[in-house]
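Before any comments, here is the structure.
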Amino acid sequence: MAASLLRRGAAAAGRRWCPVDVLRRLVSSEAAPERAASRAPPEMPPFDHQPRPYAGMGGAEIFEKRKDLLGPSLFHYYQKPLNIVEGKMQYLYDEHGKRYLDCFGGIVTVSCGHCHPDIVNAVVEQTKLLQHTTTIYLHHAIVEFAEALTSKMPGNLKVVYFVNSGTEANELAMLMARLYSGNLSMIALRNAYHGGSAGTIGLTGLQTWKYPIPQGEIHHVMNPDPYRGTFGSDAAAYAKEVQEHITYGSSGRVAGFIAETFQGVGGAVELAPGYLKLAYDIVRKAGGVCIADEVQSGFGRTGSHYWGFQTQDVIPDIVTMAKGIGNGLPLGAVVTTPEIASVLSQKIQFNTFGGNPVCSAGGLAVLKVLDKEKRQAHCADVGAHLVERLKSLQEKHEIIGDVRGRGLMLGVELVTDRNEKTPAKAETAELFEKLKDLGVLVGKGGLHGNVFRIKPPMCFSKEDADFLVDAMDYAMSGL
């Protein structure tokens, strides 16, 4: 029957039917799954660390208690959630001692590596001396950290407000923008993620994260996405839409504009080259300030630059940061100019835990480790190698629609049709499970959950990169 169908198909296409070709194709197609199944899975690089035996609560019991005791909005990865009990540098261990390559870094939070000894030591030593005071008293740790952090900033970005998370940082930045400009309207990008508080939900441009509450004076403009965007990589066309939105959708005056240079939750989207420079100019002429959300892309992760916004050759008026700033500590910051910072002195602005001694000591240790171990250059080197290997994988597997990003801030978008760019939702979910079974933990992102987010701890090596790609190849070959 198969030969009959192929004969008719060849005739319809105007080709001469050849039984030998038919047989060759049938044998090849039937042998492909067998070859994938018979291949030995790739081996994880060796690592000199022995996890401690775990005698705590088992994953199944934790999962049941979590469903009873914690908020029902919490989600988990994998059909059978992992019980992760230990971490060391770029690796994680489950309750059975199985090792996993962490390619997501606690959602782009572990910058230097899990339990990096320098950071652990700084936190422990400070905790022994003094765990908490607030800024109503003096303490050296907060000013030492602020001095080191502002030394990494360009221009006149010299004043820091410390907070506990990226959401808090963006909330405070939006307040600053409105007070300084005297305007209310904020502009954000579609597909953006800026937090989950009542205020930052408004800035977020993904319906999966937005509750049906008033979002205030916030306008979402077209996303300058080179892969899926209406205008491709045409930065000028997207910037024109920003101007038109201000002209037709506002009073003509705005408070500010906020953007991630590399969208994280939205699927590792790097904005069209040159877009921010054009958009910043338009927004500033309309009375607004420009905010760079560096919660995920900061601290050298992109390899080419220390801050994501530097890849677009701009200097923002306000920069927000969190996640990698603390390597897992609850720490965030807003850095701005003295002039903009002064607007908060109109009233009392206070954060109980912001810049506490333990987090400040840990944050300073993070900056020192990143410099000492030259992690920015490392991200550039390993990232270039990883992108090259992922591009080669793309040539082999049709399911890979796009490989994007730079350094160790990468995304791999999976599609069922490259021309239509149809999100491969089911296939992504299947591969996600297969990679976990192979010992590889990646993130997922994008509106349709069809983008693998590859943003590991910045100690991730070329050997790790090779193992990751080999595991993806092995898993995709078995689809």
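The values are calculated or read from the model by the stated rules, or taken from the named source; none is laboratory data. Source: prediction; values computed, not measured. Reconstructed Cβ throughout: ideal geometry from the backbone, glycine too, with neighbour counts over all protein chains shown. Side chains are part of the model used for accessible areas, which takes the heavy atoms of the whole protein and leaves out ligands, DNA and RNA. Shrake-Rupley method; radii C 1.70, N 1.55, O 1.52, S 1.80 Å.
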Members of region 192-218 found to be surrounded by fewer than 17 Cβ atoms within 10 Å (Cβ to Cβ) and within 30 Å of Asn356 (Cβ to Cβ), listed by number: Gly196, Ser197, Ala198, Trp209
Taking the condition open to solvent by 30 Å² or more (accessible area, probe 1.4 Å) and touching a helix residue (DSSP H, G or I) at 6+ places or on another chain (Cβ under 8 Å), does Lys444 pass? yes
Subset tally (residues that are farther than 19 Å from Val110 by Cβ and either among the β-branched types (Val, Ile, Thr) or not in a strand (DSSP E or B) (or both)) for region 381-418: 22
Complete set of residues in region 143-154 that are in contact with a Ser or Thr (Cβ under 9 Å, 6 or more places away or on another chain) and open to solvent by less than 50 Å² (accessible area, probe 1.4 Å): Phe145, Ala146
Every residue in region 319-364 that is buried (at least 24 other Cβ atoms within 10 Å of the Cβ) and assigned to a helix (DSSP H, G or I), please. Lys323, Gly324, Ile325, Cys359, Ser360, Ala361, Gly362, Gly363
Does region 192-204 include one or more residues that are farther than 30 Å from Gly249 by Cβ and free of Cβ contacts under 8 Å to residues at least 24 places away in the same chain? no
In region 148-168, which residue that is under 21 Å from the mean Cα position of the chain (by Cα) and β-branched (Val, Ile, Thr) is nearest to Val314 (Cα to Cα)? Thr167
Can you confirm whether region 398-405 contains a residue that is more than 20 Å from the chain's Cα centre (by Cα) and either open to solvent by 60 Å² or more (accessible area, probe 1.4 Å) or closer than 30 Å to Val143 by Cβ (or both)? yes
Among residues of region 410-438 being under 22 Å from the mean Cα position of the chain (by Cα) and of a type in the set (D, E, K, R), the residue most open to solvent (accessible area, probe 1.4 Å) is Lys425
From the set of residues in region 287-311 that are open to solvent by 10 Å² or more (accessible area, probe 1.4 Å) and either hydrophobic (A, V, I, L, M, F, W, C) or assigned to a helix (DSSP H, G or I) (or both), which is nearest to Ile454 (Cα to Cα)? Val295
Residue, nearest to Gln349 (Cα to Cα), within region 172-191, restricted to residues that are surrounded by fewer than 23 Cβ atoms within 10 Å (Cβ to Cβ) and in contact with a Leu (Cβ under 9 Å, 6 or more places away or on another chain): Leu175
Lone qualifier among Tyr280, Tyr238 - being touching a Pro at 6+ places or on another chain (Cβ under 6 Å), open to solvent by less than 40 Å² (accessible area, probe 1.4 Å) and not in a loop (DSSP other than H, G, I, E, B): Tyr238
